[in-house]
1. Can you list the residues, at least 5 places off or on another chain, whose amide H is less than 5 Å from the amide H of F35, using H built in the peptide plane?
2. By how many nm would the segment from R57 to I71 lengthen if fully extended, with 0.36 nm per residue of separation less the alpha-carbon distance?
3. Taking the Cα centre of each part, how many Å lie between the stretch 22-42 and the stretch 46-75?
4. Could I have the simple spin-label model distance between K48 and A30, label points 7 Å from Cα toward Cβ, reported in nm to one decimal?
5. Taking the Cα centre of the chain as origin, sum charge times position over the Cβ atoms of Lys and Arg (+1) and Asp and Glu (-1), and report the length of that vector in debye to the nearest 20.
6. Placing +1 on the Cβ of each Lys and Arg and -1 on the Cβ of each Asp and Glu in the chain, which of P43, A62, I12 has its Cα farthest towards the positive end of the resulting dipole?
7. Kirkwood Rh, Cα Rg: Rg to Rh for the chain?
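Values quoted throughout were computed directly from the atomic coordinates according to the rules given, and no laboratory measurement underlies them. Just so we're clear, the structure is a prediction, and the values are computed from it rather than from any experiment. Heads up, the Cβs are rebuilt from the backbone with ideal geometry, glycines too, and the neighbour counts pull from every protein chain shown.
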Amino acid sequence: MPQRIHTYRGTIKVYIDTETCTACELCYDAMPDIFSNRGDGIPIVLYKNIKEDDIPRLESIAQDCPSGSIILEVG
Ligand code: SF4
């Protein structure tokens, strides 16, 4: 059963699949305002910083994640 971190901000839900994440650092290097290394390479989501305008950037980084570990629900 994958562990998931769930974050909710407005109409955006961000899930990080901590079982498939390879701690590649891409997401928090690319978007340090929203993703941060929790200490072991797995990202945490800084949900207080997420704005509606960030949806395109979040969709882009979710596509770029090499293991598909960033799952978005928008709406
Ligand atoms: Fe994990 Fe994906 Fe972020 Fe890399 S880009 S640290 S695999 S969630």
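1. Here the answer is L46, since their amide H atoms fall under 5 Å of that of F35.
2. Details: separation 14, 0.36 × 14 = 5.04 nm, distance 1.30 nm.
Stretched fully, the R57-I71 segment lengthens by 3.7 nm.
3. Cα centroid of the stretch 22-42 versus Cα centroid of the stretch 46-75: 13 Å apart.
4. 2.6 nm
5. On the way: 7 positive and 12 negative charges, 56 e Å.
The calculated dipole for the chain is roughly 280 debye.
6. Result: I12.
7. Numbers: Rg = 11.0 Å, Rh = 12.1 Å.
Rounded to two decimals, Rg over Rh is 0.91.
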